[in-house]
Amino acid sequence: MNEDMLIGRLGGADGYDVRCKLDGDAISGRAGGRLAGKDIHLEITETGVTGRVDTYPVQVDLKDGQLIGKVGDEDIVLRGVDRVTGRLGGAIVGWDFVAQQRGTELVGRLGGTVLGRDFQFSLGSAPGWIGTLVAVVAFYALERPATAK
């Protein structure tokens, strides 16, 4: 059994803790506190990642070297492994994100300089794209963009 922890923070001092256990191809954990937190359950498959964050479905598939799919009602595109870029949401209303892995640490930003959220994770042995995906789905569940229903 290959078990590891992904521990981090989304949104700095006024943000949320994120803790996930990576057990083989399964990622499970929680974003936020005990009262207002959201559960994360993801499974890495042969073709992408599937699962749930809170009550919202997550389905992304590997196409042309990118993970493309949906988190809840929002589109998501994720590119890269150690340096990860992408977008959550549509072309007009959406959140760009960028993250960089250095060793076992991941640092990134979701959104712009005014309304965006920084995130930082200790990845254990997980690649940066997993930490970035966890940060984005946690953001979706905790602070869904106004366009999400």
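For semi-axes √(5λ) of the Cα gyration tensor in Å, the value calculated from this model appears in (i) 23, 19, 13; (ii) 39, 16, 13; (iii) 19, 18, 16 under label (iii). Of the heavy-atom accessible surface of the stretch 4-143 (probe 1.4 angstrom), what whole percent is carbon and sulfur? The C+S portion of the solvent-accessible surface of the stretch 4-143 is 53 percent.
When the helices of the chain are scored as -39500 (n - 2.57) per DSSP H run of n ≥ 4 and the total is divided over every residue, the value at 222 nm lands at -3500 deg cm²/dmol.
Relative contact order for the stretch 45-149: 19 percent, from Cα pairs under 8 Å spaced at least 6 residues apart, divided by residue count.
Per residue, the chain exposes 51 Å² of solvent-accessible protein surface, assessed with a 1.4 angstrom probe and all protein chains in place. Normalised by the number of residues in the stretch 67-129, the average gap of Cα pairs under 8 Å and 6 or more apart makes the relative contact order 25 percent.
The values are calculated or read from the model by the stated rules, or taken from the named source; none is laboratory data. No experiment lies behind these values; they were computed from the predicted model shown. When the accessible area is computed, the model is the full protein with side chains, heavy atoms only, and any ligands, DNA or RNA have been set aside. Shrake-Rupley method; radii C 1.70, N 1.55, O 1.52, S 1.80 Å.
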